[in-house]
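The values are calculated or read from the model by the stated rules, or taken from the named source; none is laboratory data. Quantities reported herein were computed from a predicted structural model and do not represent experimental measurements. Cβ atoms come from the backbone with ideal geometry, glycine included; neighbour counts cover every protein chain shown. Just the protein is used for accessible areas: all its heavy atoms, side chains included, with ligands, DNA and RNA removed. Shrake-Rupley method; radii C 1.70, N 1.55, O 1.52, S 1.80 Å.
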Amino acid sequence: MNSVATDTSAPLGTALAWLRGGSWARRVFLVLAGSLFLAACSWIEVPMVPVPMTMQTFGLVVIGALYGWRLGGATVLTYLLQGAMGLPVLAGGAAGFIHFVGPTAGYLFGFALATVIVGWLAERGFARHPLAAFAVMLLGHAAILAPGVAWLASAIGLGWTQAAAVGLTPFLLGMVLKSALAAACLQAAQRYRRPSAPLI
């Protein structure tokens with residue numbers, strides 16, 4: 001193993017390598033802790049008009065950026081499996097396999113896609129600066145909304161116009177706000193310094 005200094009001049013993937021390194025037991029702990037964090041974010045609801053906003057997608061992009069695409073992807077898949085098995089971890093405490101075949105199925109698929117995209121970009125330093133981090137977070141949110149709208153339009157049969165009206169437009173403001181908050185949290189994490197850390 002090599003050691004690297006985690007400072008703000010390094011790419012974000014290097015600066016946060018200490019979080020993703022370590023033993024398998026530590027990684028399992030991080031996956032379970034991350035899934036609990038996602039569940040907590042899913043339960044937080046912010047009143048908005050016309051659709052209330054949860055912090056669910058905020059948690060997803062933050063996990064992707066901090067954990068990287070591999071560990072982040074494993075965390076989200078664990079979270080989704082928990083929801084499919086009946087644990088109340090989805091938005092508003094929802095649970096059950098029905099959500100993976102109903103109107104929300106496209107968004108749930110987008111959860112894993114967004115986490116992998118954000119994690120892959122963050123590991124390569126594309127989220128190093130505040131504006132770049134904001135753009136990466138926006139892209140992650142778009143990767144959630146796009147398959148969600150496509151599923152509503154095709155599988156559910158709403159058509160593209162209605163699907164965009166109910167599955168995209170109400171969430172655009174929340175997407176911007178949560179992307180900005182996620183980027184700010186990521187910059188705060190990047191400023192955290194640790195003298196040395198394992199890089200695998």
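Can you give me the number of residues within region 60-101 that are open to solvent by 50 Å² or more (accessible area, probe 1.4 Å) and touching a strand residue (DSSP E or B) at 6+ places or on another chain (Cβ under 8 Å)? Residues flagged as open to solvent by 50 Å² or more (accessible area, probe 1.4 Å) and touching a strand residue (DSSP E or B) at 6+ places or on another chain (Cβ under 8 Å) within region 60-101 amount to 1.
When restricted to residues that are modelled with pLDDT under 80 and out of contact with any helix residue (DSSP H, G or I) (no Cβ under 8 Å at 6 or more places or on another chain), region 12-45 contains 6.
The lone criterion from (1) farther than 17 Å from Ser179 by Cα; (2) open to solvent by 30 Å² or more (accessible area, probe 1.4 Å) left unmet by Tyr107 is number (1).
Among the residues of region 148-161, those identified as among the aliphatic types (A, V, I, L, M), in contact (Cβ under 8 Å) with a residue 24 or more places away in the chain and open to solvent by 20 Å² or more (accessible area, probe 1.4 Å) are Ala150, Ala155, Ile156. Within region 162-193, take every residue that is loosely packed, with under 14 Cβ neighbours inside 10 Å and either touching a Cys at 6+ places or on another chain (Cβ under 6 Å) or not in a helix (DSSP H, G or I) (or both) and give me the one that is modelled with the highest pLDDT. Per the criteria, the residue is Arg191.
Within region 164-185, residues that are more than 11 Å from Leu138 (Cα to Cα) reach partners that are open to solvent by 60 Å² or more (accessible area, probe 1.4 Å) with beta carbons closer than 7 Å, at six or more positions or on different chains, in the pairs Pro170/Pro50. Restricting the search to region 31-55, which residues are open to solvent by 20 Å² or more (accessible area, probe 1.4 Å), in a helix (DSSP H, G or I) and closer than 20 Å to Leu181 by Cα? Correct list: Leu36, Phe37, Ala40, Trp43. In region 120-138, the count of residues that are charged (D, E, K, R), outside any helix (DSSP H, G or I) and either open to solvent by less than 30 Å² (accessible area, probe 1.4 Å) or more than 23 Å from Ala40 (Cα to Cα) (or both) is one or more.
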